[in-house]
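Novice: A single structure is presented below for examination.
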Amino acid sequence: MRDNVKARVGEIHWEEIDQIDWGANTNMAESVRSDLEWLRKNEVIRNELKSTARGFLFAIKTGKAEEIKLA
């Protein structure tokens, strides 16, 4: 990702780009759970959306989706 961004901007910005923490997710299921928890705690989201929100992981190789549920 860093190289792609550098290719699009001037060299003057490269040092700043090198300092960016891209925040890679190493546990995708936990990331989905965290997003669902955030959504359900958010006061601006309507209750009917909170109660029906679902999260999935899509496996590119198999084409299958796995539902991720809150613990």
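Bear in mind that the values in this text are calculations on the coordinates, not laboratory data. Quick caveat: nothing in here was measured; it's all calculated off a predicted structure. With ideal geometry, Cβ positions are generated from the backbone for all residues, glycine too; neighbour counts draw on all protein chains shown.
Novice: The conditions are (1) surrounded by 10 or more Cβ atoms within 10 Å (Cβ to Cβ); (2) assigned to a loop (DSSP other than H, G, I, E, B); (3) of a type outside the set (F, W, Y), and G23 fails exactly one of them. Which is it?
Specialist: Single failed check for G23: (1).
Novice: Scan region 34-46 and tell me whether some residue there is at positive phi and either without any contact (Cβ under 8 Å) to a residue 40 or more places away in the chain or over 13 Å from the mean Cα position of the chain (by Cα) (or both).
Specialist: no
Novice: Restricting attention to region 31-71, which residues are surrounded by 13 or more Cβ atoms within 10 Å (Cβ to Cβ), aliphatic (A, V, I, L, M) and in a strand (DSSP E or B)?
Specialist: Residues satisfying the conditions are L57, I68.
Novice: Another question, then. Has region 3-16 got at least one residue that is within 16 Å of the chain's Cα centre (by Cα) and among the aromatic types (F, W, Y)?
Specialist: No, every residue in region 3-16 fails to be within 16 Å of the chain's Cα centre (by Cα) and among the aromatic types (F, W, Y).
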